[in-house]
1. Which listed residue (Q396, L459, S143) has the Cα farthest towards the positive end of the charge dipole for the chain, taking +1 on Lys and Arg C-beta and -1 on Asp and Glu C-beta about the Cα centre?
2. Report, in debye and to the nearest 20, how large the dipole of the chain comes out about its Cα centre when Lys and Arg carry +1 and Asp and Glu carry -1 on their Cβ.
3. Please compute the Kirkwood hydrodynamic radius over the chain, one decimal place, Å, based on all pairs of different Cα atoms.
4. Return one number: the angle in degrees, 0 to 90 and rounded to the nearest 10, between the long axis of the Cα atoms of helix 504-514 and the longest principal axis of the Cα atoms of the chain.
5. For a quick check: with amide H placed at 1.01 Å from N, whose amide H comes under 5 Å from G548's, ignoring anything fewer than 5 positions away on the same chain?
6. For a quick protection proxy, order the peptides 294-300, 225-231 by their average other-Cβ count within 10 Å, most packed first.
7. Would you order F630, F171 from fewest to most other beta-carbon atoms within 10 Å of each residue's own beta-carbon?
8. Starting with the highest mean, order 527-533, 86-92 by the number of other Cβ atoms within 10 Å, averaged over the residues of each peptide.
Amino acid sequence: MLVQLILVVGFIYILRKYFDINSFEKLKKIFNDLKEGKQHPISAIFQVDDKSNRHGGELVASVLHAHGVQEVFTLVGGHISPILVGCENLGIKVIDTRHEVTAVFAADAVARLRQSIGVAAVTAGPGVTNTITAVKNAQMAESPLLLIGGAAPTLLQNRGALQDIDQLVLFRPLCKYAVRVKRLKDIVPTVREAIHIAQSGTPGPVFIEFPIDVLYPYPTVLKEIGLVPNAKGIKRLINAYLFMHISRQFGGAWEQQDITPIPVTPPRPKEEQIDEVAKILLESKRPLILLGSQATLPPVKADDLRKTVEKLGIPVYLGGMSRGLLGVNSNLQMRQNRKEALKDADVVILAGTVCDFRLGYGKVLSSKSKIIAINRNKDQLTKNEKIFWKSTALLQSDVGTTLVDLQRVLQQKGWKGAPSDWLKTLQDRELEKESSNLKKMKEELPDGNLNPLSLLSQLDKALPDDTILVADGGDFVGSAAYIVRPRGPLQWLDPGAFGTLGVGGGFALGAKAVYPDRPVVILYGDGSSGYSIMEFDTFTRFKLPVIGVIGNDACWSQIARDQVPWFNSAVACNLAYNKYDQVAEGLGANGVVVNKANESEIKTVFAQAIHECKNGKSTIINAIIGKTDFRKGSISV
């Protein structure tokens, strides 16, 4: 009798604490139903439609659709099937890749190019862990993306279920928001909030974990939950607990909820800050802008940002996603001699550019320069400040908005742009460096292979103006950054500050999904091509053709360039002159070899690849290149 009393009291405690059932009348009804062997009346208390075959995937898809999501990238898994089916039913394109990391890289590219949210969905356990590199890359690149992960059923977590690990502990350090959904009625508000957080402030990735029992239909979950038929005694109480659990999960699932986007308001500068910066510029003789990826974030459109920078009339170095902003032949854009320009400038505006390793942690900035930094992120805004550099003005605000406001105030004050003699000095240096590069392009290499600079120069001349370039590699791609010029805004995709190899296939897939009629060219190192070359199968299956140009020097050259002279060893650096062209053919693409023997045909090869791309077929160009000292002294660690 005492045991039964303890069980009843314990059961009441569970009902009140975990199921929010505090009404005496509800408690009485539940016990009467259990006593009579009834279960379905219990589900009515939680407002469960126990006959419905609707599922949680429909709710996820409805929110994505309301937020303008046009595609979801994935590698299929049973944990997330309802989400993929729900997306398909609403006309959201589901693009499945050959590796989960590619799905997240693709979502990252979509986020950058659409200036919106990118979405990837992967299955539980190894499906989720395979994305970690891409999620960290998105965090450091400040890309707003939503990663959806499947998970083991709620009651079986930490009990040895298939692919069950603590996924949230992995993603909390990488994401602005990481949460597990436990009830269907929470799906809509959670997805809305996640997308809002991803795009607010400093954008970044968010992660939502969906246990399988909040995605599948009620009858399926009820069948699999493990109710014991004809149960008696303690097993009847266990049955009741399980039934209560599933009823609470599905309670109120199909009530009307707001699925529209939550407005995003970027941080704006204060008027007095804009006036202060304007005053500094009006007194300057040698101003300079370093424009980073953050400048391309909404709300300012890329074309409007371009017009703003042109009206400011200040010489500018473009980095990351801002490459190509001013087109090919702008007299304001500088590509060479940045270190010398920074040494001579009297005012430097770090517009989304961060004083990390790419700027020598700020050591390349002159102590005589007035430094104005603009960034949404306070930590990035002040990175290494007062250690290696000193600020004159710090603006924690949206870069594009700040530049637009600054240009307006300067125009009101009669600003005519940077002095012409300063512009001419930088332009003369550009011409001198370009002339030096031209000589490098014409050099015959001692190994008898193609000069990579010459190859890249010919590619640059062959590219249509609407080409999107994807950078995935070390030495070859580092050289390409000086030679191959993006034609316009948002036409250059590189990993960003994390220096990640392997982005090529995913970035190209995302770019092609956004702009299916534009040429997309991956600039691959032969080492980095190994990470995503299988995605040429994905390009073929989805009729999203791309061009891959592999600089094949049979080496991890960026590492070998330092390792060999420092340690007199090339251990782990050497590769082989693999037949990547044959790999292409096996994956449904064209494969072409260019080398010293057919150097005169390179222009024709590029032209043919672009033609085939327009006709729906991908091409891999296996370019057998030699080694140069063009990038001697550049960063490898």
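FYI, it's all coordinate maths here, none of it is from the lab. The model shown is predicted, which means the values in this text are computed figures rather than measured ones. Glycine also receives a Cβ, built like all others from the backbone with ideal geometry; neighbour counts cover every protein chain displayed.
1. Value computed over the given set: Q396.
2. Working: 75 positive and 64 negative charges, 270 e Å.
The calculation lands at about 1300 debye.
3. On the way: mean 1/r = 0.0368 Å⁻¹.
Taking the inverse mean of 1/r over all distinct Cα pairs, the chain comes out at 27.2 Å.
4. 80 degrees
5. When sequence neighbours closer than 5 places are left aside, the close amide H contacts are I522, T619, I620, I621.
6. Details: 294-300: 21.9, 225-231: 12.0.
The densest-packed peptide leads the list: 294-300, 225-231.
7. Numbers: F630 18, F171 25.
Going from sparsest to densest Cβ surroundings: F630, F171.
8. On the way: 527-533: 23.6, 86-92: 16.7.
Packing proxy ranking, top to bottom: 527-533, 86-92.
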